[in-house]
1. So Ser171 passes all but one of these: (1) surrounded by 15 or more Cβ atoms within 10 Å (Cβ to Cβ); (2) touching a strand residue (DSSP E or B) at 6+ places or on another chain (Cβ under 9 Å); (3) not charged (D, E, K, R). Which condition number does it fail?
2. Could you identify the single residue in Leu434, Leu390, Leu421 that is under 23 Å from Met352 (Cα atoms), hydrophobic (A, V, I, L, M, F, W, C) and surrounded by fewer than 18 Cβ atoms within 10 Å (Cβ to Cβ)?
3. Can you name the condition, by its number, that Phe338 falls short on among (1) in a strand (DSSP E or B); (2) crowded, with 19+ Cβ neighbours inside 10 Å?
4. Sort out which residues of region 246-290 are of a type outside the set (Val, Ile, Thr) and free of Cβ contacts under 8 Å to residues at least 12 places away in the same chain, and write them in order of number.
5. What is the number of the single condition among (1) at pLDDT below 95; (2) assigned to a loop (DSSP other than H, G, I, E, B) that Ala419 does not meet?
6. Filter region 152-207 for residues that are under 21 Å from Gln288 (Cα atoms) and aromatic (Phe, Trp, Tyr) and give the result.
7. From the list Thr328, Thr306, Thr314, exactly one residue is among the polar types (S, T, N, Q), over 18 Å from Val368 (Cα atoms) and exposed (fewer than 14 other Cβ atoms within 10 Å of the Cβ). Which is it?
Amino acid sequence: MKRIETDYLIIGAGAMSLAFADELHRSQPNARMVIVERRCAPGGHWVDAYPFVRLHQPALAYGVNSAALGRGGDDLSSRSEILAYYERALRRLTDSGRVTAFFRSEVDEAGQIVSLLDTRDPVSVTVKKRVVDGGYMHVEVPATHPPRFEMAPGVRVLPPNALVDGGNGISPFVIVGAGKTGIDAVLYLLGHGVAADRIHWILSNDTWLWNRAHVQLPGVGDELLSFVQAIAQASDLDDVFTRLEARGSLLRLSETVTPSRWRCATVSREELTALQTIRQVIRLGRVQKIEPGQIVLDEGTVTVPTDAQFINCTANGLRARPARPVFTPERITLQPLFMCQQVLSAAVIAHMEAQGMDDASANALWEVVPHPDHASDLPDRMVTTMRNLLRAQPRMGWWLRRSRLNILSHLSWPRYLSAALKARRWLPRAEANLGRLRPRGG
């Protein structure tokens, strides 16, 4: 049996794992790392995602700290651009001689690296410092997670990846899924000449959408501050969203339907206008079963053309995983420390590891911010995000100011300092108001 030794064994080569490895590589010049990934290439869920997916937030604050992504400004990099970027990022790490990567492999229960293509000759690994779990967030995409609903014999339900093959040019489409993937699938069809009346869209729940123009430079600092102010001033949870919608920060598909979900999905106003051209929107809960010519849902059954093409967009993406201690004696579990900012969180965790702070102090400095799901999650997630940012300033303020993964670092010094001062003034009021905004029993 082959035996190797490393300081850190990193499970997964996705976005969080690579952001962690990149920062640790810079911050600990002598650290050795082994990265183990089940897929055939770096990039995690981007490897499996549908070909037309793009970032929904600026590329200038995505990827790894050591290399820029995209063309700056409001650029939203494509899947192919991101995969090429991660290939280059990993190559820089492995070329240093301090990082080794195993693809199409996994770590078994005995801590050995096992090839998924030939399990007969595992590699024994001695980890001198810690195992880094980069897969705890367990990102799901439709290509790797089949539908959870029942399908009658003869019914074909395809992932959005299949849309690039074109369909038959005649049959209508049924998009199943209300989240980012469903939005992307509808926009892809509309953008490729499919008439709106040939698209049925099943929404189990409506979702609040973030106006993408508001999370771009130079206004992103004011945008985040407006969330904290709305939380501080609101009379109840609905009032938080009323205030943010009035400001233009949050958008919704229908003026007559109040969204119940919040998952940080962004759209432009032009995209929203396009989405609103879909008139055959089905709001009857989750799909239970698809049969030829009809769909059985929680709250009723609807008929659809017998030749309809079903596109499954129901994979849960980033689910709200239970928070775990980030640092334990033998393990680091990568989790978000800021609302919907996974890669910055992973880089922060790596920098903290390099500083050598004891586990109890490091865990006390940063609170885990589980990915939001319901609208009621927004106040707590945003307040904890802002608390983390401000609490870390004495120890990591200069690092955060220089980190390209921190979108606020791209602000001018006057805007950056102004946002920090205003946040310090408003955060205590938002914290004090959280009890009023939590759902009864929450």
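1. (1)
2. Working: Leu434 fails: under 23 Å from Met352 (Cα atoms); Leu421 fails: under 23 Å from Met352 (Cα atoms).
Only one candidate qualifies: Leu390.
3. Single failed check for Phe338: (1).
4. Taking region 246-290 as the starting set, the residues that turn out to be of a type outside the set (Val, Ile, Thr) are 246-255, 259-265, 268-272, 274-276, 279-280, 283-286, 288-289.
Once the filter is applied, which keeps residues that are of a type outside the set (Val, Ile, Thr) and free of Cβ contacts under 8 Å to residues at least 12 places away in the same chain, region 246-290 yields Ala246, Glu255, Glu270.
5. (2)
6. Residues satisfying the conditions are Phe173, Trp201.
7. Within the list Thr328, Thr306, Thr314, the selection yields Thr306.
So that you can scan it fast, the table gives a plain yes or no per residue for (1) in a loop (DSSP other than H, G, I, E, B); (2) farther than 23 Å from Asp373 by Cα:
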position: Leu190; (1), (2): no, yes
position: Ser204; (1), (2): yes, no
position: Ala213; (1), (2): no, no
position: Thr242; (1), (2): no, no
position: Glu255; (1), (2): yes, no
position: Thr258; (1), (2): yes, no
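The values are calculated or read from the model by the stated rules, or taken from the named source; none is laboratory data. In this text the structure is predicted, and so the values were computed from the model without any measurement. Glycine also receives a Cβ, built like all others from the backbone with ideal geometry; neighbour counts cover every protein chain displayed.
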